[in-house]
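The block underneath contains the structure these notes are about, expressed in structure tokens.
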Amino acid sequence: MSAVARMAVLHLRTVAPYRTQGLMVFGLMVLVLARNPDHVVPALAVLLAPLIAVHPFVAADKAGLETLYAVLPLPRRTVLLGHYAWALASFVATVTAGTALAVLLARAEGAQFDGRTLVTMLTLAWALFAVNIAIQFPLLIRFGYARISVLGTTMPLALVMLAVYRLHLTIASIQTWLPLVWMAGAAAKVTSAVLAAHAPGPRT
């Protein structure tokens, strides 16, 4: 197992005690969006997946895990890439569960939910998540969660929601732009990781 993968596993163990709260939020969101199956996955990608992705930063501040990271035989870049690997795993897990439920809800309601709708839904979810994380992570890595807890979590979400509103992003509106939207999300994530890797360490 690579060092980055070990960091992701460490994050999994860090957030495991909070799985009940995460499942409750997941269930509540599904109930709220039950009548709009094609909205389930994008909403989870905007609201729930980033919360899971940033939770290791919360735990690190509370438990002083940055000290542990500093003494582990791991270069700083590996620790940073571990954060991004965990974020990607959070997205995949959330979207997988959300997609399964969205398909079941669509079938139960007799709604149309073909393959193109599914791909479009996943593309929109990926772009929204990637941009959100691309803004959050460099701030969290540079300053820590405690210093920017409100700004670091609400500002990216506000910017993403503003972009959705201003660009009129919907399942229908992006169907002709799917490759571009996927690439934009990937580019945002990669750029964010590069910036975080070259940023100074956390302030003390």
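FYI, it's all coordinate maths here, none of it is from the lab. Because the structure is a prediction, the values reported are computed rather than measured. Every residue, glycine among them, receives a Cβ derived from its backbone with ideal geometry; neighbour counts consider all protein chains shown.
When the helices in the chain are scored as -39500 (n - 2.57) per DSSP H run of 4 or longer and the sum is shared across all residues, what 222 nm value do you end up with, to the nearest 500 deg cm²/dmol?
Numbers: 9 runs with 167 residues, N = 204.
Per the formula, -28000 deg cm²/dmol.
Rounded, prolate or oblate: which fits the chain, taking a ≥ b ≥ c as square roots of the Cα gyration tensor eigenvalues, rounded meaning a/c under 1.5, else prolate when a/b beats b/c? Show your work: numbers first, answer last.
Details: a/c = 2.05, a/b = 1.67, b/c = 1.23.
Because a/c hits 1.5 or more and a/b exceeds b/c, the chain counts as prolate.
Could you give the semi-axes, largest first, of the ellipsoid that matches region 78-146, computed as the square roots of 5 times the alpha carbon gyration tensor eigenvalues and rounded to whole Å? Present the calculation step by step, with values, prior to reporting the outcome.
On the way: eigenvalues 199, 25, 19 Å².
Working through the eigenvalues yields semi-axes of 32, 11, 10 Å.
Could you give the dipole magnitude of the chain about its Cα centre, charging the beta-carbon of Lys and Arg +1 and that of Asp and Glu -1, in debye to the nearest 20?
Numbers: 14 positive and 5 negative charges, 93 e Å.
Result for the chain is approximately 440 debye, rounded to the nearest 20.
How would you order 115-125, 99-109 from highest to lowest mean count of nearby Cβ atoms within 10 Å? Could you put the intermediate results ahead of the total?
Details: 115-125: 18.5, 99-109: 15.7.
Top to bottom by mean Cβ count within 10 Å: 115-125, 99-109.
Relative to the longest principal axis of the C-alpha atoms of the chain, give the angle of the C-alpha long axis of helix 49-63, reported between 0 and 90° and rounded to the nearest 10°.
Approximately 20 degrees, to the nearest ten.
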